[in-house]
Amino acid sequence: MRILIVEDDPMMQLGLEQSLAAHPQIDIVGQAEDGYLGVEAALKLKPDLVVMDIGLPRLDGIAATQRIKAELPDVRVVMLTSHTTETEIIAALSSGADAYCIKGASVSSLLAAIAAATVGATYLDPQIARKVIDHLKPPTPTGNVANLSQRELEVLKLMVEGYSNPQIASSLYLSPNTIKTHVRGIMNKLSVDDRVQAAVVALRSGLV
């Protein structure tokens, strides 16, 4: 896997490079010190995945992620941050990143986030997940939560557990296309835009 690191702290950048480069399946293809350079490097190098800090100079990681995703939607982004306020978390969730880790977390947590993002699943650091669940408004009683079918609930539970669509299909003995249809139906009924938001609504409402 080809990875680009976007981090302005030299020590953190070095630590990330050393930690990730120790794994033979990972190839660090570049580094950048601010958001603008990160976007330029991503467009030039076209990595498989970007490890992106939020608190970057000139252009923050949220805006940089949005620009990268707009040009290279298949590139995965793991957001690495020390920011855990409600506003910053929601902004990060809206940026299109695929995974969210807290700085200072173990290397195994970062690797888990990378692995999840690689297969199309979503990874939220427990600290971030708890804050999101605590602060987001619960679904209204008149919402469409109750309209989920039994099969959609089964799919949603596996989504919350971080399963990718192919993994859900295998687990439920259904075709990937059928799972895609169910996922679209779930997101429509829950009035959310992505899998992270669906998982948050599910956890908050007690659906799973």
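Summary of computed values
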| read-out | value |
| --- | --- |
| Among the residues listed as G96, G104, the single one being open to solvent by 50 Å² or more (accessible area, probe 1.4 Å), at pLDDT below 95 and on the phi > 0 side of the Ramachandran plot | G104 |
| Residue check, V39 touching a Leu at 6+ places or on another chain (Cβ under 6 Å), β-branched (V, I, T), open to solvent by less than 70 Å² (accessible area, probe 1.4 Å) and in contact (Cβ under 8 Å) with a residue 12 or more places away in the chain | no |
| Helices (runs of 4 or more DSSP H) within the range 118-179 that include 1 or more residues of a type in the set (D, E, K, R), surrounded by 14 or more Cβ atoms within 10 Å (Cβ to Cβ) and modelled with pLDDT of 85 or more | 150-160 |
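The values are calculated or read from the model by the stated rules, or taken from the named source; none is laboratory data. Here the structure is a predicted model, which means the values were calculated and not measured. Cβ sites come from the backbone with ideal geometry, for glycine too, and all protein chains shown count toward neighbours. In case anyone asks, the SASA skips ligands and DNA or RNA and just uses the protein heavy atoms, side chains included. Shrake-Rupley method; radii C 1.70, N 1.55, O 1.52, S 1.80 Å.
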